[in-house]
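> Sharing a structure, written as structure tokens. Questions coming.
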Amino acid sequence: MARVLRLPDHGRLLVCTDLQGCMRDYQRMVQIFEQALLEHQGDAHLLFTGDLIHGPHIDEEDWPDFLGEYYRDASGEVMIAYAGLAAQYPGRVHALLGNHEHGHIGGPHTAKFAADEVALLEHILGPAATARMRGIIHTFALAAVSKCGAVFTHGAPAAQCDSVADLEAADLSGAQYASPLDVLDTPVVGKILWARSATQREAQRFVKAMGGTMCIYGHDVVPEGFEKVGDEQIVVSTSFGVFDTNKVYVSLDLSARYKGVQDLRIGKEILPLYPDVALARLGGRARSA
Ligand SMILES: [Mn+2]
């Protein structure tokens, strides 16, 4: 797989963060993408920024309020649906590796909703479907870059690299480590997949190295839907851990040039996943890095 996905300099790009096995939100995003294809003469792209898998296996009566609307994990189905969509629209449907996917191809195993979510999902799927899922995950990139200034990663842009080549050279196999947990401490892969925040200095260095002006990522949950951090960072929550009223996705014009996250406007580039129930005044947060 190519470690860095290079997006074209034309067309519409829709960005969806952490689904964590939520089929309903996946299907809604596909609906938005297919509408964009119609509105832009077929020139639209859909990017998932990782963690498509590993949702809760919790009965409705035990569901905690802070997780948003109830859903049941459908990780296997989401991955198969993603692969089908990517085959249906060649070169237009993309995904980045998240820390949850990485566990299936050599990374440390996550333990958010089970002691070992990698083992649990592979047990549910069985050997054949597990092999297929791993094949799909191997097509995921570590970051995406664009001429419009936006850089995309799963986690915060804290990775210590000075060029796209540093990312291209990253080893995801975990083979050279004594324990997969050692991946967490690596300056590139560990940060891209696991960092929840980046200082302004780190973010500036990273986006410059990637030839961009700002980084768009998920990994962390922002209950308000999104959070701008300084001029270079925006954390977006499209699905997991957020109520339908606050879920947002990002829509970009790939032929534009965005100077920073201040150019991302509510109602233009930052859009509600479910406009019918979205809060009249979409909140969002801002903090300095
Ligand atoms: Mn994550």
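To keep it simple, each residue is scored yes or no on (1) within 18 Å of the chain's Cα centre (by Cα); (2) modelled with pLDDT of 95 or more; (3) surrounded by fewer than 18 Cβ atoms within 10 Å (Cβ to Cβ); (4) in a loop (DSSP other than H, G, I, E, B).
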position	(1), (2), (3), (4)
Asp73	yes, yes, no, yes
Tyr82	yes, yes, no, no
His102	yes, yes, no, no
Ala111	no, no, yes, yes
His123	no, yes, yes, no
Ala129	no, yes, yes, no
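> If you don't mind, another one. Find the residue count for the range 12-25, including only residues that are free of Cβ contacts under 8 Å to residues at least 60 places away in the same chain and either within 17 Å of Ala86 (Cβ to Cβ) or surrounded by fewer than 24 Cβ atoms within 10 Å (Cβ to Cβ) (or both).
Selection size over the range 12-25: 2.
> Give the number of residues within the range 142-151 that are away from the ligand (no atom under 15 Å from the Cβ) and either assigned to a strand (DSSP E or B) or aromatic (Phe, Trp, Tyr) (or both).
Counting residues in the range 142-151 that are away from the ligand (no atom under 15 Å from the Cβ) and either assigned to a strand (DSSP E or B) or aromatic (Phe, Trp, Tyr) (or both) gives 4.
> Could you please let me know if Ala203 is of a type in the set (Gly, Ala, Ser), crowded, with 22+ Cβ neighbours inside 10 Å and touching an Asp or Glu at 6+ places or on another chain (Cβ under 8 Å)?
In short, yes.
> Could you check how many residues of the range 189-240 are part of a strand (DSSP E or B), of a type in the set (Val, Ile, Thr) and either within 14 Å of the ligand (Cβ to nearest atom) or out of contact with any Ser or Thr (no Cβ under 8 Å at 6 or more places or on another chain) (or both)?
So the count comes out to 3.
> On to the next question. Between a first residue in the range 49-67 that is within 15 Å of Tyr26 (Cβ to Cβ) and within 16 Å of the ligand (Cβ to nearest atom) and a second residue that is at pLDDT 95 or above and of a type in the set (A, V, I, L, M), which pairs have beta carbons less than 6 Å apart while being 6 or more apart in sequence or on different chains?
Going by the 6 Å Cβ cut-off, the qualifying pairs are Thr49/Leu96; Gly50/Leu96; Gly50/Leu97; Leu52/Leu19; Leu52/Val78.
> Every residue in the range 113-140 that is more than 15 Å from the ligand (Cβ to nearest atom) and either closer than 30 Å to Asp263 by Cβ or among the hydroxyl-bearing types (Ser, Thr, Tyr) (or both), please.
Across the range 113-140, the qualifying residues are Thr130, Thr139.
> Among the residues of the range 244-262, is there at least one that is assigned to a loop (DSSP other than H, G, I, E, B) and under 30 Å from Phe113 (Cα atoms)?
Yes; the residues of the range 244-262 include at least one that is assigned to a loop (DSSP other than H, G, I, E, B) and under 30 Å from Phe113 (Cα atoms).
> Could you say which residue among Gly267, Gly212 is of a type outside the set (Ser, Thr, Tyr) and within 23 Å of Ala36 (Cα to Cα)?
Testing whether each residue is of a type outside the set (Ser, Thr, Tyr) and within 23 Å of Ala36 (Cα to Cα) leaves just Gly267.
> Can you tell me which of (1) in contact with a Pro (Cβ under 7 Å, 6 or more places away or on another chain); (2) farther than 15 Å from Ile105 by Cα; (3) away from the ligand (no atom under 16 Å from the Cβ) is the one Gly174 doesn't meet?
Failed condition: (2).
> Taking the options His94, His154, name whichever one is away from the ligand (no atom under 15 Å from the Cβ), within 26 Å of Ser251 (Cβ to Cβ), in contact with a strand residue (DSSP E or B) (Cβ under 6 Å, 6 or more places away or on another chain) and not aliphatic (A, V, I, L, M).
Being away from the ligand (no atom under 15 Å from the Cβ), within 26 Å of Ser251 (Cβ to Cβ), in contact with a strand residue (DSSP E or B) (Cβ under 6 Å, 6 or more places away or on another chain) and not aliphatic (A, V, I, L, M) holds for just one of His94, His154, which is His94.
The values are calculated or read from the model by the stated rules, or taken from the named source; none is laboratory data. Worth saying up front: this structure is predicted, and the values here are computed from it rather than measured. Note: ideal-geometry Cβ built from the backbone for every residue, glycine included; neighbour counts use all protein chains shown.
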